[in-house]
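Read through the structure below, which is laid out as structure tokens, and then see the notes.
What follows is calculated from the coordinates using simple rules that are stated; it is not laboratory data. The structure presented is a predicted model; accordingly, all values stated were derived computationally and were not measured. Cβ atoms come from the backbone with ideal geometry, glycine included; neighbour counts cover every protein chain shown.
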Amino acid sequence: MAERAYITPIADEDLYVLDTASWRVYRPVMDKSKCVECGMCMTYCPVRAIIGTDDKKYKITYDYCKGCGICAAECPRKAIEMVLEGGAE
Ligand code: SF4
Ligand code: SF4
């Protein structure tokens with residue numbers, strides 16, 4: 001089993017946060033059919049685990065997501081649901 005690094009780089013600023021992804025209890029699941037691509041989830045995620053792609057889609061990086069639920073709370077379309085880790089995607 002590969003050894004995990006318990007730090008997460010934040011953008012290109014040489015800043016790091018403790019990697020809590022391995023301790024996550026809930027994970028955010030995005031319903032793309034509800035998403036209006038506003039980017040609020042990316043803006044509010046404290047560890048920048050949500051990234052925007054070139055075609056303005058938003059993607060959750062589960063290696064970094066700590067399951068705090070802020071993205072789900074801030075999404076104006078309720079397009080993100082927090083589900084128990086290990087449950088259905
Ligand atoms: S906040 Fe909600 S609607 Fe906006 S990009 Fe994120 S998932 Fe889509
Ligand atoms: S649950 Fe928290 S850490 Fe994970 S993507 Fe949402 S805001 Fe970011």
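Residues whose amide H comes within less than 5 Å of that of ILE50, counting only those at least five positions distant or on another chain, are THR61 (H built at 1.01 Å from N in the peptide plane).
Among the trypsin sites (Lys or Arg not before Pro) in the range 20-62, those located in a DSSP loop and surrounded by at most 11 other Cβ atoms within 10 Å of their own Cβ are LYS32, LYS56. Taking Cα centre as origin and charging only the Cβ of basic (Lys, Arg, +1) and acidic (Asp, Glu, -1) residues, the dipole magnitude of the range 20-89 rounds to 100 debye.
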